[in-house]
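Notes for the one structure printed next.
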Amino acid sequence: MTVMSRAWGRLTLPGKVIFTAIPLLLALGVALALVVGILGGPIVELASQYGAVLRFLVAATIILVITIPTAFLIIFMEMKIIAFMNLRVGPDRVGPWGTLLSVVHGLKVLMKEDFTPSRADPLIFTLAPVVVYGSSVMTLVVLPFAPGLFAQDFNIGLLYFFAMGGLAVVGLLMAGWSSFNKYSLLGGLRSAAQMVSYEIPLTLSVAGLLLLAGTMSVNQLVANQSGWFTNWYVFQQPLGFLIFFIAVTAEANRTPFDLTEADSEIVAGFATEYSGMRFGFFFFAEYVNVFIVSAMTVALFFGGWNAPFPFPALAILLDPGSLGIWLLLGIAIVPLVGTLVLSLPFLLTRSAMPAWQAIVLGFVLFNVAVVGLLGVWAFVSFDWVAGLLWFLAKTYVFVFTFVWMRATLPRVRIDQLMGFAWKWLMPAALLNLFVTAGAILVVGR
Amino acid sequence: MTTHASMDDPRVTLDEQLGSFEPIPPYPPRTEREHEFYTVADGEMLVNIGPHHPSTHGVLRVVMKLDGERVVDIDPVLGYLHRGVEKLCENADFHHTISYMDPLEYVSSLFCEWPAVMAYEKLLDIKVPRRAEYIRVLTGELNRISSHLLAMGFHALDLGGITPILYSFIERDEMVEMLASITGQRMLFNYFRIGGVNGDLNHEFMSRLGDWMGRATAQVEANQGLLNENEVFVRRNRGVGTIDSQTALKMCWTGPNLRATGVPFDIRRAHPYSVYPELDFDIPTRSEGDSLARYLLRIDEIKQSLRIIDQCLHQMPDGPVMAQVPRLMRPRPGRAFATVEGPRGQYSIYAVSDGTDQPFRFRIHDPSFLHLQSFTLLMPGQLLADWMTINASLDPIMGGIDK
Amino acid sequence: MNLIPGIGLVRGMSLTLRRFFQPKVTIRYPEVPSDVAVKFRGRLQLLYDENGSLKCETCFQCAQACPIECIDMGGMDTKGRFHVHWGAAETYGERREESALRRSGRPVPDPAYERFTPIDIAAVDSILEDFDHDPAQLLGILEATQAAFDYLPVGALMRISERTGTGYAQIYGTASFYDHLRLGALGAPASAPSAAPYLAALAAATGAGRQADA
């Protein structure tokens, strides 16, 4: 008994929660399995009835899961791109070209001691990273990745995006206040002032776009921009795009507006006292935010998943049934022939290479070719594959821009930051709104 | 089995006072100024920056009294890097002291050795060969350029730009390698000797120098294009830490910081030493006296240093690089004062000999100390982030300040 | 400041983008050794002569000249045993303390200046004559010397060493091995000739006594 109570006493608060939750979850799982076994039929019926809810749940889970590789990728991009711009080589030891270094960073963060300073407010201190990370993940819900590939299509999607983005400031303020550190407090207050100031030009900058589009659903906004790239809203709203881009840079706390974690001034801002995975949440949230704001810029101004020009409709007529017996023969022969044909150049030209190596190389090349052909087929045949590729390509161009800015620009001062928002961005956003409204009055939508 | 209290044990609680740091000293105020500073009014707070803060250029600690983000008062706390170099030098013989000089201003070590050997040469009445003097000027100007590049890079780093420092380091690394090929060390050169220098120019140095001189101006200007016209950088520096020439003179400023206020005071011209009278160079000045002027002045100085190096290479005489100097030297009792123009200002040594082989008194004068004491003058009314700008533009090196 | 706002930012961005594609300057160290200057002094290595033997003779001149006392060394004796020439290993701590004292500027007691009391060499010489200067009869010599002087003075031991050709260390070792041989006068503790006053002076100079390691 004493052993149990001592072991219980050694657990930290999250540990106690987890150790209580694990048996409960196990019991729940067993119960669920039983319920599914007994009531399987009616549940399937119910699920088909509430397909939208189920779809949302699955999509939300996928979104939560893909944030981690996204963050890893952007962290690696940041390390490598900034290194290249600094004429350095950057990470090149862990994995091919150092690609695994960000994963190692993640593991390192997991293994560090999770430390709560004395005199900190433990509850708020623990909750703050959750709020920050949660807000950025929830923003992903309205992002349309491809036609049909989105978690939820709100008719107020854009409002939801701004609202969830604004929620992050609560988390940062919580972190800054609860850390019992003056640097953290300054960082938290800076983030509050900065985010509240930049929310206004951010929202106003898209008001003109909304006038043009007449909808707030992000899906609809993207669908409006289909066709040639001249349909993209950036050509109708260049000023709006500029203001939007500057304001989201500030919203995502990126250089030159990264005052909340200005490392040369207030050490690490709100994250000064955080370590371990709690810091990891802030860290990941920052990079997920970079992805989100890039994706939102693409969706609003750069046509989202639309290709820059409409593809000529390529209908690949592939009806395997019509081939008859030749289908079976093809399946048997094509890999052999393909492998041999592709290994022929090596067999003929590289006399130093043993034959088996040439054949293995030919097999690998054949596989690459087949996968490439399949990719092309999928790209042409499925809307969502092409859309996803276009969307990600455009998004990562903007991610590159954010990293590029970080490599180049120094940080602005807090009063210049606020002055810029209120004296320049907001009047410019209002001007943009009025000019757009006037143009619509004169020309029509 | 004995049990040890573990920090993971929740029954082990730390004293609550241990967890929080109050910058207010535990003792009653010792001076009027201390009383004034540590009396915190309503709405103000004391923020401790350093000694391990990323932008304190060493181990400077600064306590700031903040009202929001606005600095009300500032109190620099020194001594975290104190080694007692003066006392060490008084217990080492004259040759040893030169190696103690190097880590004082560790980014411009040659300018710390220079006044020391000059003072000893005065004490011993040694005539330094002209070739040695030219080599001193040549290496010294190279070191000045590398120091200025570092100062400019760190200026940008303190403002949040991470790239300029690396571009600066590429150039500085080239110069450091160059100096390593002639002095034998990359950072703490220990190159000047009493009566000359420790080794003649060699082929490796000259070929590296020739390579670099061909592209130096273009490279430095290209790198500074990142900052000089950058609106963010200019706005953060213009009008920050402004000081007028009279106040600067009263605060005993020297070097680029003084010249940025418009006073063309340069030891190389005001009190010529070595072979500087034979060389043709300008003393760049700027009238604004703010951080931007101090930053831009360093670029102008780099250009002048390149001119000097060019002339040195053209006028380099032939001959020995060391005078005839005894191994064990006992100068006549007397005193000597020597001063040079370092990258940060006037660097001086005052040495007293009592006839033994060790200096009787050895006093090091460092310009950074005098620049640092002007914080109290420059900071009040500025923002917290301006401290980084001002500190970086004044370019103090704590190794020299704390000695 | 430029006429067009933001042009400076654009120029900086274009510079970094150009640098993105330029060759990198990083030296990949373990694969590519950096070219160290010929004159580089930071190399920590011992040089060999043409015959392939070490040039270092463990003379400690460099260690004595080093202002920050970062050099220390050991060497091989003629029997191939590794040992440190500059005093015995147990005196390292003392040497460290001594150098700390020297840096602090306080006077340092120097055991080299600890003089031994002069004795009448003639008595020792006559004893040696009796024993035919034979090192094999060292114990007899020592006993006779103790009979003459009532203890074994340092001067006598040095004289024996000089005349018989035996090393002082061996004579001292023999003398200190046998219980009936006394190195100090009766009443005075038998100990090494100069260690005790030196250690006492050192303790007094450092202010605090050394850690009791004896």
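The values are calculated or read from the model by the stated rules, or taken from the named source; none is laboratory data. All values reported here derive from a predicted model rather than from experimental measurement. Cβ atoms come from the backbone with ideal geometry, glycine included; neighbour counts cover every protein chain shown.
Taking the criterion of being in a loop (DSSP other than H, G, I, E, B) and either surrounded by fewer than 20 Cβ atoms within 10 Å (Cβ to Cβ) or under 21 Å from the mean Cα position of the chain (by Cα) (or both), would at least one residue in the range A:164-176 satisfy it?
Within the range A:164-176 (the criterion being in a loop (DSSP other than H, G, I, E, B) and either surrounded by fewer than 20 Cβ atoms within 10 Å (Cβ to Cβ) or under 21 Å from the mean Cα position of the chain (by Cα) (or both)), the answer is no, since none of the residues qualifies.
If you scan the range B:168-185, which residues turn out to be under 16 Å from B:R136 (Cα atoms) and without any contact (Cβ under 8 Å) to a residue 12 or more places away in the chain?
Result: B:A180, B:Q185.
Quick one: count up the residues across the range A:216-234 that are of a type in the set (V, I, T), more than 18 Å from A:D383 (Cβ to Cβ) and surrounded by 17 or more Cβ atoms within 10 Å (Cβ to Cβ).
Residues meeting the conditions: 1.
Which numbered condition trips up A:M418, out of (1) over 19 Å from A:V341 (Cα atoms); (2) assigned to a loop (DSSP other than H, G, I, E, B); (3) not β-branched (V, I, T)?
Unmet for A:M418, out of (1) over 19 Å from A:V341 (Cα atoms); (2) assigned to a loop (DSSP other than H, G, I, E, B); (3) not β-branched (V, I, T): (2).
Out of the residues in the range C:18-27 meeting the condition of being more than 7 Å from every other protein chain (Cβ to nearest Cβ) and surrounded by 10 or more Cβ atoms within 10 Å (Cβ to Cβ), tell me which one is farthest from A:E78 (Cα to Cα).
The selected residue is C:I27.
Take the conditions surrounded by fewer than 11 Cβ atoms within 10 Å (Cβ to Cβ) and more than 30 Å from A:N289 (Cβ to Cβ) and apply them to A:A31. Does it pass?
So A:A31 fits the description; yes.
Residue-by-condition table, conditions (1) of a type in the set (V, I, T); (2) touching a Leu at 6+ places or on another chain (Cβ under 7 Å); (3) farther than 21 Å from A:M195 by Cβ:
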| position | (1), (2), (3) |
| --- | --- |
| A:F382 | no, no, yes |
| A:L389 | no, no, yes |
| A:F400 | no, no, yes |
| A:A407 | no, no, yes |
| A:G419 | no, no, no |
| A:A428 | no, yes, no |
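Of the residues B:I170, B:I135, which is of a type outside the set (F, W, Y) and modelled with pLDDT of 90 or more?
Just a single option satisfies the conditions, and that option is B:I135.
Hey, among the residues in the range B:123-167 that are in contact (Cβ under 8 Å) with a residue 60 or more places away in the chain and either β-branched (V, I, T) or at positive phi (or both), which one's nearest to the other protein chains (Cβ to nearest Cβ)?
Top of the filtered list is B:T163.
Which condition number does C:T58 fail, the rest of (1) modelled with pLDDT under 80; (2) surrounded by 10 or more Cβ atoms within 10 Å (Cβ to Cβ); (3) more than 7 Å from every other protein chain (Cβ to nearest Cβ); (4) out of contact with any Gly (no Cβ under 7 Å at 6 or more places or on another chain) being met?
(4)
Residues A:R119, A:R88: which one is within 14 Å of chain B (Cβ to nearest Cβ), farther than 30 Å from A:A295 by Cα and either in contact with a Ser or Thr (Cβ under 7 Å, 6 or more places away or on another chain) or aliphatic (A, V, I, L, M) (or both)?
Going through A:R119, A:R88 in turn, just one is within 14 Å of chain B (Cβ to nearest Cβ), farther than 30 Å from A:A295 by Cα and either in contact with a Ser or Thr (Cβ under 7 Å, 6 or more places away or on another chain) or aliphatic (A, V, I, L, M) (or both): A:R119.
Hey, among the residues in the range A:392-409 that are within 14 Å of chain C (Cβ to nearest Cβ), part of a helix (DSSP H, G or I) and among the aliphatic types (A, V, I, L, M), which one's nearest to A:V341 (Cα to Cα)?
A:V397
Condition (residue is in a loop (DSSP other than H, G, I, E, B), more than 14 Å from chain B (Cβ to nearest Cβ) and either in contact with a Lys or Arg (Cβ under 9 Å, 6 or more places away or on another chain) or acidic (D, E) (or both)) applied to the range A:238-260: is it met by at least one residue?
no
Answer with yes or no whether A:A223 is at pLDDT 85 or above and either closer than 30 Å to B:K65 by Cβ or assigned by TED's automatic domain parsing to the domain that holds A:A428 (or both).
For A:A223, the condition - at pLDDT 85 or above and either closer than 30 Å to B:K65 by Cβ or assigned by TED's automatic domain parsing to the domain that holds A:A428 (or both) - is not met.
Considering only residues that are surrounded by fewer than 19 Cβ atoms within 10 Å (Cβ to Cβ) and either in contact with a Phe, Trp or Tyr (Cβ under 8 Å, 6 or more places away or on another chain) or part of a loop (DSSP other than H, G, I, E, B) (or both), which ones fall in the range B:199-222?
B:G199, B:D200, B:N202
Quick check: anything in the range B:42-64 surrounded by fewer than 10 Cβ atoms within 10 Å (Cβ to Cβ), at pLDDT 80 or above and more than 14 Å from chain A (Cβ to nearest Cβ)?
Yes: the range B:42-64 contains one or more residues that are surrounded by fewer than 10 Cβ atoms within 10 Å (Cβ to Cβ), at pLDDT 80 or above and more than 14 Å from chain A (Cβ to nearest Cβ).
So for the range A:260-277 (the condition being among the aliphatic types (A, V, I, L, M), under 21 Å from A:D383 (Cβ atoms) and either crowded, with 22+ Cβ neighbours inside 10 Å or modelled with pLDDT under 80 (or both)), does at least one residue qualify?
no
Can you tell me which residue within the range B:352-388, out of those that are over 20 Å from B:V77 (Cβ atoms) and of a type in the set (S, T, Y), is farthest from the chain's Cα centre (by Cα)?
Restricting to residues being over 20 Å from B:V77 (Cβ atoms) and of a type in the set (S, T, Y), the top hit is B:T356.
Which one is surrounded by the fewest Cβ atoms within 10 Å (Cβ to Cβ), of the residues in the range B:380-403 that are part of a loop (DSSP other than H, G, I, E, B) and within 14 Å of chain A (Cβ to nearest Cβ)?
Step by step, filter the range B:380-403, then rank; the result is B:G381.
Which numbered condition trips up A:F245, out of (1) surrounded by fewer than 23 Cβ atoms within 10 Å (Cβ to Cβ); (2) at pLDDT below 85?
Among (1) surrounded by fewer than 23 Cβ atoms within 10 Å (Cβ to Cβ); (2) at pLDDT below 85, A:F245 violates only (2).
Please list, ordered by first then second residue, the pairs with beta carbon atoms under 8 Å, 6 or more apart or interchain, first in the range B:45-68 and under 18 Å from A:T272 (Cβ atoms) and outside the structural domain of B:Q373 (by TED's automatic domain parsing), second of a type in the set (S, T, N, Q) and modelled with pLDDT under 80.
B:I49/B:T56; B:G50/B:T56; B:P54/A:S264; B:S55/A:S264; B:V62/B:T56
Here are the criteria: (1) polar (S, T, N, Q); (2) assigned by TED's automatic domain parsing to the domain that holds A:G280; (3) free of Cβ contacts under 8 Å to residues at least 40 places away in the same chain. Tell me which single one A:T61 does not satisfy.
With (1) polar (S, T, N, Q); (2) assigned by TED's automatic domain parsing to the domain that holds A:G280; (3) free of Cβ contacts under 8 Å to residues at least 40 places away in the same chain applied to A:T61, the lone miss is (2).
Quick check on my filter: what residues within the range A:256-298 are farther than 30 Å from B:Q382 by Cβ and in contact with a Pro (Cβ under 6 Å, 6 or more places away or on another chain)?
A:R278, A:F281
Return the total of residues in the range A:336-391 being among the small types (G, A, S), more than 30 Å from A:V222 (Cβ to Cβ) and part of a helix (DSSP H, G or I).
6
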